[in-house]
Amino acid sequence: MTVVLVVVIVLLLALLSAGTVVTVRRRFPAPGAPPRAPVPPPEPGARPGAEIIRPPEPEAAGPEAAEPGAPAPREEAAEARPPRLRDRLGRARDLFGSSLVGIRTRGRVDEAAFEDLEEALLLADVGLPTAGRLLDALRAQVRAGEVADSPDALLEALREDAAALFAGEDRSLSRAPEGTTVWLFVGVNGVGKTTTIGKLAASEARDGRRVVLAAGDTFRAAAGEQLELWAERSGAGIVRGAEGADPSSVIFDAVQHAAARGADLVLADTAGRLHTKVNLMDELRKVRRIADRPPGHVSEVLLVLDATTGQNGLVQARQFAEAVDVTGIVLTKLDGTAKGGIVLAIRAELGLPIKLVGLGEGAADLVAFDPEDFVSALFE
Ligand code: GDP
């Protein structure tokens, strides 16, 4: 009897310890096994996650290392020269330039010249508060005798004041000191987020960086497809979710995917509109929080604004800036029917740096914003 009891106890102990080993094995993979990506804690109302479409290409080939049969679009992207801001500002320059003609033909600087100037600034979409601020400063300079009594001197003083608005701003795109750099792109539908990400992926890849795109705009099915084309053209990796997938989990997976492959940068698209009752700003806060979890480090939140929407862009900017700590603006479609003055209003009223400007739909049509060049082109 005692022997039977001892055998039963030994058997029971053996079974229990086997269970523990199984649990331990589950928690800790065998040495040498690839690390499993940690799973983000489920959030209330979380939707299905992401699917990795393709990894980033191992090496961004420099021009001399390019394979003979590389896909044509990528060659195009690598070879196309970025346009000059002043060459693409057609409409803005015509409009402002022709308004200035009348002022230049006035004999002297009087109240009528100031009225003409105000009208020109408003027509150019500078907006009342910024126009008022610039003109008040100009009046003070005239009263103090700092500006000669000639319209040309007046316009030159205005040009300098406008350029001075941008003094000391940091327009660089920052990268995480450690971990995986994430740049998040936010903005309403149609402003050019997806296109901007595609153009940036092309230029970053050209500079030799390994890039992963996160198709976080899961509301608009076409956005994922569009981004996939850009990924193909630039050699970037891409992580996509099914339509309606949780954007946070798509971006989280993209960060894990980038970190596991030693990629330098994740460019994350986000929705500009949602079909659920979830507030867009709440969703973006959550996206930012999750993208920022180590090894991810969100070092830029870039608000994309369409320059042709004029003063409306300022309203959007205030809403987004409140929710997600915007670090800079990408102003798209300056090549289109934009009047240009919005550039001054963004700086004067929002205090946010414009870091990049979109000057067309091609891969090379995204350039660093150069305020000196912009202001001189406008006043020429
Ligand atoms: P999203 O909804 O914010 O992702 O916007 P998309 O990236 O889909 O862009 C909307 C439209 O604007 C597309 O037809 C783009 O080709 C176009 N677009 C984007 N950036 C520019 C730009 O700088 N200049 C011009 N002319 N068109 C642009």
* **Arg233 vs. criteria within 14 Å of the ligand (Cβ to nearest atom) and touching a helix residue (DSSP H, G or I) at 6+ places or on another chain (Cβ under 7 Å)** => yes
* Of the numbered conditions (1) within 16 Å of the ligand (Cβ to nearest atom); (2) in a strand (DSSP E or B), Gly272 fails exactly one; give the number of that condition. => (2)
* To do: Go through the range 162-212 and count every residue that is within 16 Å of the ligand (Cβ to nearest atom), of a type outside the set (Val, Ile, Thr) and closer than 19 Å to Val298 by Cβ.
  => 7
* Structure fact -> Within the range 269-285, residues being under 17 Å from the mean Cα position of the chain (by Cα) and either basic (Lys, Arg) or crowded, with 21+ Cβ neighbours inside 10 Å (or both) number 7
* To do: Kindly establish whether Lys333 is in contact with a strand residue (DSSP E or B) (Cβ under 8 Å, 6 or more places away or on another chain) and among the basic types (Lys, Arg).
  => yes
* Asked: Which residue pairs have Cβ atoms closer than 7 Å, lie 6 or more positions apart in sequence or on different chains, and pair a first residue in the range 152-175 that is under 14 Å from Val142 (Cβ atoms) with a second residue that is among the β-branched types (Val, Ile, Thr) and not in a loop (DSSP other than H, G, I, E, B)?
  -> Leu155/Ile103
* Spans of helices (runs of 4 or more DSSP H) in the range 53-144 with at least 2 residues surrounded by 15 or more Cβ atoms within 10 Å (Cβ to Cβ) and at pLDDT below 70 -> 72-79
* Structure fact -> Within the range 342-380, the residues that are charged (D, E, K, R) and within 13 Å of the ligand (Cβ to nearest atom) are Glu361, Asp365
* Asked: Can Pro353 be described as under 30 Å from Asp253 (Cβ atoms) and surrounded by fewer than 22 Cβ atoms within 10 Å (Cβ to Cβ)?
  -> no
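Conditions (1) within 13 Å of the ligand (Cβ to nearest atom); (2) in a helix (DSSP H, G or I); (3) at pLDDT below 95; (4) not aromatic (Phe, Trp, Tyr), marked per residue:
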| position | (1), (2), (3), (4) |
| --- | --- |
| Val255 | no, yes, no, yes |
| Ala263 | no, no, no, yes |
| Val266 | no, no, no, yes |
| Met281 | no, yes, yes, yes |
* Extreme residue, surrounded by the most Cβ atoms within 10 Å (Cβ to Cβ), among residues of the range 319-341 that are closer than 30 Å to Asp94 by Cβ and away from the ligand (no atom under 15 Å from the Cβ) -> Gly341
* Structure fact -> Going through the range 145-168 in order, the residues found to be in a loop (DSSP other than H, G, I, E, B) and acidic (Asp, Glu) are Glu146, Asp149
* Return the pairs, sorted by first residue and then second, in which the second residue is surrounded by 24 or more Cβ atoms within 10 Å (Cβ to Cβ) and part of a helix (DSSP H, G or I), the first residue lies in the range 244-272 and is among the acidic types (Asp, Glu), the beta carbons are less than 7 Å apart, and the residues are 6+ apart or on different chains. => Asp269/Lys193; Asp269/Thr194; Asp269/Ile197; Asp269/Leu227
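The values are calculated or read from the model by the stated rules, or taken from the named source; none is laboratory data. Worth saying up front: this structure is predicted, and the values here are computed from it rather than measured. Don't worry about glycine lacking a Cβ; one is built from the backbone with ideal geometry, like all the others, and counts go over all protein chains shown.
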